[in-house]
Amino acid sequence: AVQLIRGKKGSEVRLTVEKMDGTIKIIPIIRDVVILEETYAKSIIVSDKNNKVKIGYIYLPKFYADFDDRNGRRCSKDVKAEILKLKKENLDGIILDLRNNGGGSLQDAIDMSGLFIENGPIVQVKGRGQPQQVYKDRDSKVVYGGPLLVMVNTFSASASEILAAAMQDYGRAIIFGSKSTHGKGTVQRFVDFDNFTKNNDVKPLGVIKLTTQKFYRINGETTQLKGVIPDIIFPDSYSYIDDTGEKELEYALKWDNIQATKFEAWDKTYDMEEIIHNSEYRMENDTVFDVIRANADRIKEQRDKTEISLNLDKYTKEQKEKKERTKRYKASTKHDTDLSFRFLEEDKLTMEQDTFKRISYEEWQKDLQKDIYIKEAINILIDMQ
């Protein structure tokens, strides 16, 4: 697909996409240089309407690392830098947003987890017929020890699940997300068949991606298939669909468990049951979440539908109705929350010098302003006080 999308800068490529609500959309893209800055960690200050709290919000789109340069850019270093910037603001809490984060560097998931605990095991790895290996955070420094909330969804996978699971097992953070994460708890390596022959006439022979190990939480349970079940579950478009994530794969490896490893839980200062109750009550009585639940029901109905009319007029009419329903759904969920967002002073300085970054950050701020899930995350952090 990437080979088809790539092309000369300035030329147009059109993607025809069938969305999960059944609508067909043509997305025209003018080809240009991909700006990697969009894939890096970034942060912003969030306050509720009554200014009860001042929260640091960190967005991490993936667990990136420069594997060719030991001193190159890594997400664990970037997130640490964002935390240190945010701490200057005397925060009441931090939100680490891992929604739609498909994973990446395992070592960075371990190092990043270590920013929030003293030291100890983060994840276990085991292959067939092999003893389990325990990967630990060995740095006793806690970069941030205050209230922490980690956001996840169905598309949070692999390294995202490792970090979320570790924070949940330690009791270090409240995990807030969709009914489960992706459930990708396997380790793969690539085997290039060209390495097994000197005969250049038969190359390229191709590559096989081989599953060699499984990830296990420090409590002994694998993240495979079941993923991480959040402490507080929010409704989203996939709420009523059971076969999401790794479960969609026909030959996905099964869930299992191994022996738990020793670890010392974090000393919580809040009542988890009360916080869960309060959050569920708010979401149950919020009209926006009602609309989201109704849309999830519509998505399931569309997903279960296995027949499409070949009559052009009927098909066109159905597409029009689907688009109208989608438009109404977006209009009812994309309204401004009563949160206020403020960029850090260091970021403001670089935004003055970098026009692209300024535009990008301003667009990001507008999107955050309409994110109902961040609003509830703030409410949860207020309860944690």
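Read the figures in this text as sums done on the coordinates, not as results from a lab. These figures come from a predicted structure and were not determined experimentally. Here the Cβ is made from the backbone with ideal geometry for all residues, glycine too, and neighbour counts use every protein chain on show.
Observations
- Theoretical FRET efficiency, 1/(1+(r/R0)^6), r = Cβ-Cβ of GLN133 and ASN50, R0 56 Å, to 0.05: 0.70
- For the range 45-52, Karplus couplings with θ = phi - 60° (6.51, -1.76, 1.60), whole Hz, Gly/Pro x: 9, 10, 10, 7, 5, 9, 6, 5
- Other residues within the sphere of radius under 13 Å centred on the Cβ of ASP111, judged by their own Cβ, net out at +2 (K and R +1, D and E -1).
- Placing +1 on the Cβ of every Lys and Arg and -1 on the Cβ of every Asp and Glu, with no other charges, gives the range 159-289 a dipole of roughly 740 debye about its Cα centre.
- Here the range 27-86 and the range 244-303 have alpha carbon centers that stand 24 Å from each other.
- By average C-beta atoms within 10 angstrom, highest first, the peptides 141-149, 345-353, 5-13, 281-289: 141-149, 281-289, 345-353, 5-13
- For ASP256, the shell of other residues with beta-carbons less than 11 Å away shows a net charge of +3, using +1 for Lys and Arg and -1 for Asp and Glu.
- Compactness of the range 342-385 - radius of gyration and Dmax, Cα, Å: 13.6, 39
- Tail beyond 29 Å, pair distance distribution of the range 95-244 (Cα, percent): 26 percent
- Geometric descriptor of the range 292-385, per residue, is 158 Å³ (volume of the convex hull of the Cα atoms).
- Restricted to Cα atoms, the range 249-309 shows a radius of gyration and a Dmax of 20.3, 59 angstrom.
- Each of THR181, ASN278, GLY114 was placed along the dipole of the chain (beta-carbon charges, centred on the mean Cα), and the one lying farthest toward the positive end is THR181.
- Computed log₁₀ I(q)/I(0) - Debye formula, equal Cα scatterers, no solvent, the range 1-85, q 0.16, 0.20, 0.23 Å⁻¹: -0.90, -0.97, -1.05
- Dipole magnitude (debye, nearest 20) for the range 137-185, charges at Cβ of Lys, Arg, Asp, Glu: 60 debye
- Sorting 37-46, 164-173, 213-222 by average packing, meaning the other beta carbons within 10 Å per residue, from highest down gives 164-173, 213-222, 37-46.
- Remark: the ARG14-THR287 segment gains 94.6 nm on full extension, using 0.36 nm per residue and subtracting the alpha carbon distance.
- Charge dipole of the range 200-259 about the Cα centre (unit charges at C-beta), most positive-ward option of TYR251, PRO230, GLY220: GLY220
- Volume in Å³ per residue [convex hull over Cα atoms, computed for the chain]: 196 Å³
- Charge tally around SER43: other residues with Cβ under 9 Å, Lys/Arg +1 each, Asp/Glu -1 each, net 0.
- Interatomic Cα distance distribution for the range 48-181, bins of 5 angstrom, percent: 2, 10, 19, 23, 21, 14, 7, 2, 1, 1, 0, 0
- Cα gyration tensor shape of the range 29-76, rounded if a/c is under 1.5, else prolate or oblate by comparing a/b with b/c: oblate
- Cα-derived Rg over Rh, computed across the range 174-242 with Rh taken as Kirkwood radius: 1.26
- Value of Rg to Rh for the range 39-120 (Rh from inverse mean 1/r over Cα pairs, i.e. Kirkwood): 1.01
- The alpha-carbon atoms of the range 176-299, seen along their principal axes, cover 68, 44, 20 angstrom, with the largest extent given first.
- The chain - share of DSSP beta bridges that are antiparallel (%, nearest 5): 70 percent
- The charge dipole of the chain, taken about the Cα centre with unit charges on the Cβ atoms of Lys, Arg (+1) and Asp, Glu (-1), comes to about 1020 debye, rounded to the nearest 20.
- When you restrict to C-alpha pairs under 8 Å that are six or more residues apart and normalise by the size of the chain, the relative contact order lands at 15 percent.
- When the chain is described by a simple charge dipole with +1 on each Lys and Arg Cβ and -1 on each Asp and Glu Cβ, the residue from LEU84, ALA260, VAL207 located farthest towards its positive end is VAL207.
- Highest average first, the peptides 181-187, 193-199 ordered by how many other beta carbon atoms sit within 10 Å of their residues are 181-187, 193-199.
- In the chain, the DSSP-assigned H stretches of four residues or longer account for a calculated mean residue ellipticity at 222 nm of -10500 deg cm²/dmol, using -39500 (n - 2.57) per stretch and the full residue count as denominator.
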